[in-house]
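The values are calculated or read from the model by the stated rules, or taken from the named source; none is laboratory data. Keep in mind the model is a prediction, meaning the values are calculated, not measured. Backbone-built Cβ (ideal geometry, glycine too); neighbour counts: all protein chains shown.
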Amino acid sequence: MSYQPLDWDIISLLQMKKDKIDTISLFNSMNLSNIERFTFDRSIAISQFLLDKGLKRSSVLDLGSSGGVFALTFKIILDAHVTAIDDDRYILIQGETESSSIKMMKNRLKRLNIQGIIPINTSIEEYIGNLPPIPLYDSVLLLNILHHFYTGYGQGSSYGQMDFEETSQLLRKIGAITSKYLFFEINSSVIKDYEQYLTDIMYICNFRKLEYVTRSVATDGSLRAIWCFIK
Ligand SMILES: C[S@@+](CC[C@H](N)C(=O)[O-])C[C@H]1O[C@@H](n2cnc3c(N)ncnc32)[C@H](O)[C@@H]1O
């Protein structure tokens, strides 16, 4: 498969070459499904963003990590220490032979012989709920997750659904546990519906600015954007 990153300019590509990141070999070695190509592209864009900020060997918390593509890419490119949270109890990955995200991630770690990634099978609410509200991670990823707080994430069920107050509390805590960056992605067509939450995170958690990272295209063709809240 030819590799065509999304929303990338020649400067980013040249920079990757300079950083000696061979995305084609990496993509092939990870043996991802075609549908995960989109995730791989996004993980490369965020890796480059962190590299540009000089953030190697940092700690990353991936909330709603799915099959671990971000975790693996960050480990390989940035030598990051990644904690990856997903909840296998209520999710089935459609179109994959494995029955769960965490299992898929563990199989990948084993196959690629990668250490330094901690997959945790729990809900985001439980994990965050047990942490003190202090900066514990350099970066936190909240990519395509916010809508799940609102609609739930069990397949065909409203499991995990939260009300406005519960969601706000959780987001504030997520904002508090990052010392530098909170990466955030949502479908552009619904971003207005979540504006209140975003404004809340920005001011309550003392982020200094919001930077655009990249746009991406969801598997259904809809447009998304990744933003980074910066402290
Ligand atoms: C839409 S996918 C996004 C995956 C990944 N972050 C990305 O952007 O490609 C949602 C994933 O987050 C997980 N998820 C959603 N809400 C969750 C929660 N409250 N606790 C744990 N996992 C959750 C689901 O199990 C699923 O694997």
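Of note:
- Breaking point among (1) surrounded by fewer than 19 Cβ atoms within 10 Å (Cβ to Cβ); (2) in a helix (DSSP H, G or I), for Phe149: (1)
- Condition check for Phe183: over 22 Å from Thr214 (Cα atoms) and touching a residue at least 12 places away in the same chain (Cβ under 8 Å): no
- Among the conditions (1) buried (at least 18 other Cβ atoms within 10 Å of the Cβ); (2) within 16 Å of the ligand (Cβ to nearest atom); (3) farther than 21 Å from Gly116 by Cα, Met16 misses just one, which is (2).
The rows are residues; the columns are (1) surrounded by 19 or more Cβ atoms within 10 Å (Cβ to Cβ); (2) polar (S, T, N, Q); (3) under 20 Å from Asp62 (Cβ atoms).
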residue	(1), (2), (3)
Ile134	no, no, yes
Glu165	no, no, no
Gln169	no, yes, no
Leu182	yes, no, yes
Ser189	no, yes, no
Asp193	no, no, no
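- Residue in the stretch 199-207 that is touching a residue at least 40 places away in the same chain (Cβ under 8 Å), surrounded by 15 or more Cβ atoms within 10 Å (Cβ to Cβ) and of a type outside the set (Asp, Glu) present: no
- The lone criterion from (1) away from the ligand (no atom under 12 Å from the Cβ); (2) modelled with pLDDT of 95 or more; (3) in contact with a Ser or Thr (Cβ under 9 Å, 6 or more places away or on another chain); (4) within 30 Å of Asp22 (Cβ to Cβ) left unmet by Lys75 is number (3).
- Taking the stretch 80-98 as the range and being assigned to a loop (DSSP other than H, G, I, E, B), closer than 14 Å to Val69 by Cβ and either at pLDDT 95 or above or in contact with a strand residue (DSSP E or B) (Cβ under 6 Å, 6 or more places away or on another chain) (or both) as the test, only Ala80 passes.
- Hey, Ile44 in contact with a helix residue (DSSP H, G or I) (Cβ under 7 Å, 6 or more places away or on another chain), at pLDDT 80 or above, part of a loop (DSSP other than H, G, I, E, B) and among the β-branched types (Val, Ile, Thr) or not: no
- In the set (1) away from the ligand (no atom under 13 Å from the Cβ); (2) at pLDDT below 95, the condition left unmet by Leu109 is number (2).
- Within the stretch 58-79, being in a loop (DSSP other than H, G, I, E, B) and closer than 12 Å to Tyr137 by Cβ holds for one residue alone: Ser58.
- Within the stretch 120-144, the set of residues being in a loop (DSSP other than H, G, I, E, B) and within 11 Å of the ligand (Cβ to nearest atom) comprises Thr122, Ser123, Asn144.
- Selection count, the stretch 19-41, where residues are modelled with pLDDT under 85, in a loop (DSSP other than H, G, I, E, B) and within 13 Å of the ligand (Cβ to nearest atom): 0
- Qualifying residues in the stretch 104-129 (those that are among the charged types (D, E, K, R) and touching a residue at least 12 places away in the same chain (Cβ under 8 Å)) - the one farthest from Thr178 (Cα to Cα): Arg111
- Selection count where residues are in contact with a helix residue (DSSP H, G or I) (Cβ under 8 Å, 6 or more places away or on another chain) and assigned to a strand (DSSP E or B), scope the stretch 101-119: 2
- Pair list, Cβ < 8 Å and 6+ apart or interchain, from the stretch 143-169 residues that are more than 18 Å from Lys192 (Cβ to Cβ) and without any contact (Cβ under 8 Å) to a residue 24 or more places away in the chain to residues that are more than 8 Å from the ligand (Cβ to nearest atom) and not in a loop (DSSP other than H, G, I, E, B): Ser158/Thr151; Gln161/Tyr150; Gln161/Thr151
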